[in-house]
Amino acid sequence: MLWFFVGSTAALLTSFGFVPQLLKMRRTKSVRDVSLLTFVQFSLGISLWAIYGLHLKDPIIVAANLVSLSVVLAGIALYIRYSPRS
């Protein structure tokens, strides 16, 4: 039971870790200090974690990484939306 709580708490914290950055991007409508490469790299890592979780049949790993992936993809969408056009 303790490890379920630890895993669930870790999943929540990491799943929503980029939300403050997304809120700032939306509020300021600026991505000047944001690295697209970070978002892309993180989304690839999250995808692999989700696949690994499917392999292990671990719902916490799968759910946490699917939520994380949706947050990071939203970040990529905001990056594209607020990037300066040349």
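The values are calculated or read from the model by the stated rules, or taken from the named source; none is laboratory data. Remember, predicted model here, so these are calculated numbers, not experimental data. Here the Cβ positions follow ideal geometry from the backbone for every residue, glycine too, while neighbour counts run over all protein chains shown.
Inside the stretch 1-59, residues that are over 24 Å from Tyr79 (Cα atoms), polar (S, T, N, Q) and touching a residue at least 24 places away in the same chain (Cβ under 8 Å) make up a count of 1. So if I check each of Arg26, Arg32, Arg85, which one is in a helix (DSSP H, G or I) and either more than 30 Å from Met1 (Cβ to Cβ) or touching a strand residue (DSSP E or B) at 6+ places or on another chain (Cβ under 7 Å) (or both)? Criteria check complete, one pass: Arg26.
Identify, please: which residue in the stretch 71-85 is out of contact with any Gly (no Cβ under 9 Å at 6 or more places or on another chain) and aliphatic (A, V, I, L, M) and is, among those, nearest to Met25 (Cα to Cα)? Here the answer is Leu78. Selection over the stretch 47-61 of residues that are more than 18 Å from Ser8 (Cβ to Cβ) and of a type in the set (Ser, Thr, Tyr) gives a count of 1.
For the stretch 54-64, the set of residues classified as out of contact with any Gly (no Cβ under 6 Å at 6 or more places or on another chain), assigned to a helix (DSSP H, G or I) and modelled with pLDDT under 95 consists of Pro59, Ala63, Ala64, listed by residue number.
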